[in-house]
Amino acid sequence: MFQTEINIVLQSLASDGLTWLMRQVTATGYYQFVIAMVIAVMLGVSLRKGFLLFQIIAWTAMVSEIAKQFFGLPRPFFADSRVACLEPGWDAATSFRAMGGKSFFALPQQSVIDAFRLKGVSFGFPSGHVSGAIAMWGGLAAVFRSRVLACLAPFLIALLAFTRMYLGVHFLADILGGALLGGLLLFFSWRLIGSDPDRDRFFAAAMTRIASSLPGILYFFFLFVLPLLLALSSLLSAMFAGFYIGLNAAFTLALRSGLPEDTGSLPIRLLRVLLGGLLFWLLSLALRLTLTLIPAAAGSAWGIFLVAGLGTFLTVWGGLKLFLRLGLYQKEKAAPVQ
């Protein structure tokens, strides 16, 4: 499964047009597209369902990153110089040739593993793109209980998996590992929030005082404390932790004060999405420029955390307030805090 022959065969089909197409498809696995998808679902369709989708995607990404750090395995282009790295942005320099697994169940050569761990490049196993695709497309099908999405999701996941091997950045083992991880986490997510009573209990936990009940304690621990601890231990990037905690804080505050109704015509919904995306971009840009005025924070991990967290928080919290004033949302009756 860590053999490079599969990658070489796929790349024998390479052409400029196909490579361009594979890069576009694989881009749907990066955070820019995922953020856009979450904003579109939350502001354009349903705040609650968008938030549930975000939780599935975020926890899959976190567990995938921890698994990568635990296994610390290389990527195909580094184990074998015959495999071209067709995705821009990678440090693909290598002195190894034909050093992938020698049999179907063998790991790459130990010298390759050791050298890659010193290289400072993202590890390959399991594939975060594949586990993330299962979380996003499978999560959409689960959250909206859509048979159409359930039928479409396997095709989209398989297509993205193909791009990762074609581009030379993942072994077959990485793909299978990502699929297993993503599938398990999606299954557990469905068991936790798949039914209406389970979803009601999840949102009810956000309404309780922090120390008043076990569900409330677990809600705040997993949504705020644990991500921060993972970031402090370098198991989670500061940017991701900022996005996650910022969105969780904004949604929780909005939920406790009463979420607006998810109503509106298609143009109104599209306008909310477009304005939300613009607001996120402008706030992130303004915060980055502000941090450049503080030398100690500019470029630091906590500077990145602050930009991501505040940008996301203000986009969601401020966006909801703004859209209510503009008449793009209608206010629901506020739910009392228990």
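The values are calculated or read from the model by the stated rules, or taken from the named source; none is laboratory data. Remember, it's a predicted structure, so these values are computed and weren't measured experimentally. Positions of Cβ are generated from backbone atoms using ideal geometry, with glycine treated the same way; all protein chains shown enter the neighbour counts.
For the stretch 93-102, indicate whether the set of residues that are at positive phi and modelled with pLDDT of 90 or more is non-empty.
Looking through the stretch 93-102, at least one residue is at positive phi and modelled with pLDDT of 90 or more.
Looking at the stretch 197-225, which of its residues are of a type in the set (D, E, K, R) and not in a helix (DSSP H, G or I)?
Within the stretch 197-225, Arg209 is the sole residue that qualifies.
Does Phe116 fit the bill of being closer than 16 Å to Glu87 by Cβ, out of contact with any His (no Cβ under 8 Å at 6 or more places or on another chain) and surrounded by 21 or more Cβ atoms within 10 Å (Cβ to Cβ)?
No: the conditions fail for Phe116.
Yes or no: Arg75 surrounded by fewer than 21 Cβ atoms within 10 Å (Cβ to Cβ), charged (D, E, K, R) and touching a Gly at 6+ places or on another chain (Cβ under 6 Å)?
Judged against the criteria, Arg75 is not a match.
Could you say which residue among Pro108, Pro126 is modelled with pLDDT under 95, assigned to a loop (DSSP other than H, G, I, E, B) and crowded, with 24+ Cβ neighbours inside 10 Å?
Of Pro108, Pro126, the one residue that is modelled with pLDDT under 95, assigned to a loop (DSSP other than H, G, I, E, B) and crowded, with 24+ Cβ neighbours inside 10 Å is Pro108.
Given the condition buried (at least 17 other Cβ atoms within 10 Å of the Cβ), polar (S, T, N, Q) and in contact with a Leu (Cβ under 6 Å, 6 or more places away or on another chain), answer yes or no: does some residue in the stretch 131-147 qualify?
Taking every residue of the stretch 131-147 in turn, at least one turns out to be buried (at least 17 other Cβ atoms within 10 Å of the Cβ), polar (S, T, N, Q) and in contact with a Leu (Cβ under 6 Å, 6 or more places away or on another chain).
Note down all Cβ pairs under 7 Å where the first residue falls in the stretch 247-259 and is among the aromatic types (Phe, Trp, Tyr), the second is buried (at least 18 other Cβ atoms within 10 Å of the Cβ), and they're at least six residues apart or on different chains.
Filtered contacts from the stretch 247-259: Phe251/Phe51; Phe251/Val316.
Here is a check on your reading of the model: is Leu52 closer than 25 Å to Phe323 by Cα, out of contact with any helix residue (DSSP H, G or I) (no Cβ under 6 Å at 6 or more places or on another chain) and in the same structural domain as Leu186 (by TED's automatic domain parsing)?
Spelling it out, it is not the case that Leu52 is closer than 25 Å to Phe323 by Cα, out of contact with any helix residue (DSSP H, G or I) (no Cβ under 6 Å at 6 or more places or on another chain) and in the same structural domain as Leu186 (by TED's automatic domain parsing).
Are any residues in the stretch 293-338 modelled with pLDDT of 85 or more, of a type in the set (Phe, Trp, Tyr) and either in a loop (DSSP other than H, G, I, E, B) or under 30 Å from Ser233 (Cβ atoms) (or both), and if so, which ones?
Phe305, Phe313, Trp317, Tyr329 - these are the residues of the stretch 293-338 that are modelled with pLDDT of 85 or more, of a type in the set (Phe, Trp, Tyr) and either in a loop (DSSP other than H, G, I, E, B) or under 30 Å from Ser233 (Cβ atoms) (or both).
Under the condition of being not small (Gly, Ala, Ser) and not in a loop (DSSP other than H, G, I, E, B), which residue from the stretch 165-174 is surrounded by the most Cβ atoms within 10 Å (Cβ to Cβ)?
Applying the filter and picking the extreme gives Asp174.
Would you pick out the residues in the stretch 26-36 that are over 10 Å from the mean Cα position of the chain (by Cα), at pLDDT below 95 and surrounded by 17 or more Cβ atoms within 10 Å (Cβ to Cβ)?
Thr28
Step by step: first the residues of the stretch 175-204, then only those that are over 23 Å from Ala61 (Cα atoms) and not polar (S, T, N, Q), then the one that is surrounded by the most Cβ atoms within 10 Å (Cβ to Cβ). Which residue is that?
Of everything passing the filter in the stretch 175-204, Ala204 is surrounded by the most Cβ atoms within 10 Å (Cβ to Cβ).
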